[in-house]
Every structure is written in structure tokens, then in C-alpha cells.
Amino acid sequence: MTVERTLSIIKPDAVGNNHIGDIVSAFEKAGLKIVACKMLHLSKQQAEEFYAVHKGRPFFTPLVDFMITGPVMVMVLEGNNAIAENRRIMGETNPVQAKEKSPHSIRAKFANTIDENAVHGSDSPETAQTEIAFFFKNGEICPRTR
Ligand code: IDP
Ligand code: MG
């Protein structure tokens with residue numbers, strides 16, 4: 001097992017629906033630890049840069065527009081296999097699939113559409129590193145000393 005860090009975002013729909021606590025609780029119950037956290041309202045430029053890998057896809061503009069509709073919570077999660085664990089806890093990208101395949105996942109419980117699907121999670125060690133650095137300086141990440 002490898003201790004990893006990964007980036008999680010609670011998206012504007014889930015923040016607006018008051019599910020911050022439910023989502024944080026799902027991570028903590030699974031053994032992931034929050035080592036950094038902040039709320040911010042992304043600018044259009046930030047959202048476009050964060051999702052640049054999807055530029056050109058049909059859902060890119062709606063995704064950027066959605067991500068700036070309200071504040072988000074950005075967090076660094078730490079734990080054994082944190083990147084895959086976070087993805088497992090999140091559930092499938094499309095909540096319709098998540099409800100079928102992973103009924104206890106965050107997207108099954110708190111998302112209704114593929115456009116507004118409650119959470120983001122890094123999908124590889126490389127993206128985790130880039131995405132964490134996008135939002136947090138080293139000094140803003142707090143190693144768990146207890
Ligand atoms: P992920 O969030 O599960 O990693 P990605 O494929 O990386 O999924 O897509 C990023 C985000 O773009 C998704 O979370 C979702 O909000 C949106 N998205 C992805 N595919 C579609 C689609 O086919 N239609 C609408 N939105 C999509
Ligand atoms: Mg992705």
C-alpha cells in the first residue's frame with residue numbers, strides 16, 4: 001500500500017445543496033484524511049485552466065460555466081491508495097450509472113446529472129500532483145502529526 005495525496009473538489013451543486021458535511025464524512029469514514037481545505041469561487045479563467053485537458057470536448061463550455069456558478073471546496077485527501085480510493089468513493093462520472101453500480105457512492109447519493117455531479121477527483125498520480133499544486137502551496141498542506 002502506498003500513502004498518496006489527491007485533489008478533491010466539492011462542486012457548486014453539492015455545496016449549494018448543503019452536502020459538504022456528508023461528503024467530507026464519506027471520505028473520513030473510508031479512512032482518508034483531509035490535509036488541506038479551502039472554499040473559493042473559481043473565476044472563468046481558473047475553471048478553463050483546471051479543465052484544460054477537456055478543451056474541445058462538447059461538454060467543456062457547460063462544465064466551465066457550471067463550475068463558476070457558486071463556491072467550491074477544494075481539499076487535499078491523504079491515505080493509502082488515496083487516488084483510487086477517492087475515485088471509488090466518488091462513484092461513476094454519470095450518477096445514473098453510479099446509482100446502478102455503486103449505490104453508496106457520493107455521486108449516487110448527491111448527484112443527479114452528469115453535468116452537475118457533486119465531486120471532482122484526480123485520476124492519476126501525475127494529475128494529483130498537478131491539481132494539488134494548482135490550488136495549494138506546500139505551506140498550506142498540513143501533515144497529520146496525530
Ligand atoms: P470525472 O469527473 O469522473 O473524472 P471526466 O471524464 O474527467 O470525469 O469529466 C470531467 C467532468 O466533465 C465530469 O465530472 C462531468 O462534470 C463533465 N462531463 C464529463 N463527461 C460529460 C458528458 O458526457 N456530458 C456532460 N458532462 C460531462
Ligand atoms: Mg476527470
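Please treat every number below as a calculation from the coordinates, not as lab data. As the structure is a computational prediction, the values presented were derived from the model and not from experiment. All Cβ positions, even for glycine, are placed from backbone atoms using ideal geometry, and neighbour counts span all protein chains on display.
What list do you get for Cys142, Cys37 if you sort them by fewest beta carbons within 10 Å?
Listed from fewest to most nearby Cβ atoms, that is Cys142, Cys37.
Would you list which lysines come within 22 Å of Lys38, measuring only between C-alpha atoms, while excluding same-chain residues fewer than 8 positions from it?
Once the sequence-local lysines are set aside, what remains near Lys38 is Lys11, Lys29, Lys137.
Please work out how much length the chain gains when fully extended from Asp115 to Phe60, using 0.36 nm per residue of separation minus the C-alpha to C-alpha distance, in nm with one decimal.
On the way: separation 55, 0.36 × 55 = 19.80 nm, distance 1.01 nm.
My answer for the length gained is 18.8 nm.
Would segment 17-146 count as rounded, prolate or oblate if I go by the C-alpha gyration tensor, calling it rounded below 1.5 in a/c and otherwise prolate when a/b exceeds b/c, oblate otherwise?
Working: a/c = 1.59, a/b = 1.09, b/c = 1.46.
Cα axes put segment 17-146 in the oblate bin.
Grab the other residues whose beta carbon is less than 15 angstrom from that of Asp115, score K and R as +1, D and E as -1, and report the net. Spell out each step's value before the answer.
Numbers: positive: Lys11, Arg57, Arg107; negative: Asp13, Asp65, Glu92, Glu116.
Computed value for this residue: -1.
Where the centroid of each part is defined by its Cα atoms, how far is segment 48-105 from segment 115-146 in Å?
Each part reduced to its Cα centre gives a spacing of 12 Å.
Which value in nm describes the separation of the simple spin-label points at Thr2 and Lys29, placed 7 Å from the Cα toward the beta carbon?
Placing both labels 7 Å beyond Cα along the Cβ direction yields 2.9 nm.
Based on Cβ point charges of +1 for Lys and Arg and -1 for Asp and Glu, what charge dipole magnitude is obtained for segment 1-112 about its Cα centre, in debye rounded to the nearest 20?
In debye, rounded to 20, segment 1-112 gives about 120.
Which order do Met73, Met67 fall in if you start with the one that has the fewest other Cβ atoms within 10 Å? Provide the component values of the computation, followed by the final result.
On the way: Met73 20, Met67 23.
The fewest-first ordering by Cβ neighbours comes to Met73, Met67.
Give me, ordered by chain and number, the residues 5 or more places off Val72 or on other chains with an amide H under 5 Å from its own placed amide H.
Leu40, His41, Leu42
Lys and Arg at +1, Asp and Glu at -1: add these up for the other residues within a Cβ distance under 12 Å of Arg5 and post the number. Numbers along the way, then the final one.
On the way: positive: Lys33, Arg144; negative: Glu4, Glu78, Glu85, Glu131.
Surrounding charge for Arg5 is -2.
Can you tell me the FRET efficiency between Glu100 and Ile141 if r is taken as the Cβ-Cβ distance and R0 is 35 Å, rounded to the nearest 0.05? Let's see the in-between values first.
Numbers: r = 36 Å, r/R0 = 1.03.
Rounded to the nearest 0.05, the efficiency is 0.45.
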